Amino acid sequence: MKPIGYWLNRTDRVITHYMNDMLEEFGLTRIAWQVLRLIDDTHEATDGELLAALEANADTATLTAAIDTVLADGWATRHAPSRLALTPDGRRRLARVAERVDAFRELSMTGISRDEYRTAVQVLERMTHNLEAVAMSGSRR
């Protein structure tokens, strides 16, 4: 059996590749999709909030480029100097993209129960918290 790190990296690469290919027709990447979903979930967000929320998903330059893309392509607008919100057209287009992403999620979950998925996420979350706690304390066991 290959170690968990192998499967984490391979899974992330294949999800990113598949999503980038699927989202290309909409002018989006997986990261731009995540930016849009976060703006949609919070109704509006600052650049700083987006960067903080998605820092585990990409570096600052990639996230900033994704923000620039969703602004330039009319998905989002700035209601105030640093606050982003979806445009009416962006909200409409996002609903169409969400249908495709839902189909992707269904495909990726083939043969996996909701309980299995939930357990996998809980295990990864626990592992992350364990290692972050050690890193924060500065000790190495």
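The values are calculated or read from the model by the stated rules, or taken from the named source; none is laboratory data. Computed from a predicted structure; not experimentally measured. Because the Cβ atoms are built from the backbone with ideal geometry, glycine has one as well, and the counts that use them run over all protein chains shown. Side chains included, ligands, DNA and RNA excluded: accessible areas come from the protein's heavy atoms. Shrake-Rupley method; radii C 1.70, N 1.55, O 1.52, S 1.80 Å.
When you look at THR119, is it β-branched (Val, Ile, Thr), modelled with pLDDT under 95 and open to solvent by less than 90 Å² (accessible area, probe 1.4 Å), yes or no? Explain how you work it out, then say what you get.
Values: β-branched (Val, Ile, Thr): yes; modelled with pLDDT under 95: no; open to solvent by less than 90 Å² (accessible area, probe 1.4 Å): yes.
Spelling it out, it is not the case that THR119 is β-branched (Val, Ile, Thr), modelled with pLDDT under 95 and open to solvent by less than 90 Å² (accessible area, probe 1.4 Å).
The set of residues from segment 38-64 being in contact (Cβ under 8 Å) with a residue 12 or more places away in the chain, under 21 Å from ASN20 (Cβ atoms) and of a type in the set (Gly, Ala, Ser) comprises ALA53, ALA58.
Comparison of THR87, THR11, THR16, THR42 shows that the only residue that is surrounded by fewer than 14 Cβ atoms within 10 Å (Cβ to Cβ) and among the polar types (S, T, N, Q) is THR11. For segment 98-116, a tally of residues being surrounded by 10 or more Cβ atoms within 10 Å (Cβ to Cβ), in a helix (DSSP H, G or I) and over 20 Å from the mean Cα position of the chain (by Cα) returns 1.
Scanning segment 1-30 for residues that are under 25 Å from VAL70 (Cβ atoms) and touching a residue at least 60 places away in the same chain (Cβ under 8 Å) gives ILE15, TYR18, MET19, MET22, LEU23, PHE26, LEU28.
Residue under question is ILE67, and the condition is that it be within 14 Å of the chain's Cα centre (by Cα) and more than 19 Å from ARG100 (Cβ to Cβ); does it hold?
Values: within 14 Å of the chain's Cα centre (by Cα): yes; more than 19 Å from ARG100 (Cβ to Cβ): yes.
Considered against the rule, which asks whether it is within 14 Å of the chain's Cα centre (by Cα) and more than 19 Å from ARG100 (Cβ to Cβ), ILE67 comes out as yes.
Taken over segment 67-76, the criterion of being open to solvent by 40 Å² or more (accessible area, probe 1.4 Å) and either in contact with a Gly (Cβ under 8 Å, 6 or more places away or on another chain) or among the small types (Gly, Ala, Ser) (or both) is satisfied by THR69, ALA72, ASP73. GLU55 passes every criterion in (1) more than 23 Å from ARG100 (Cα to Cα); (2) touching an Asp or Glu at 6+ places or on another chain (Cβ under 9 Å) apart from (2).
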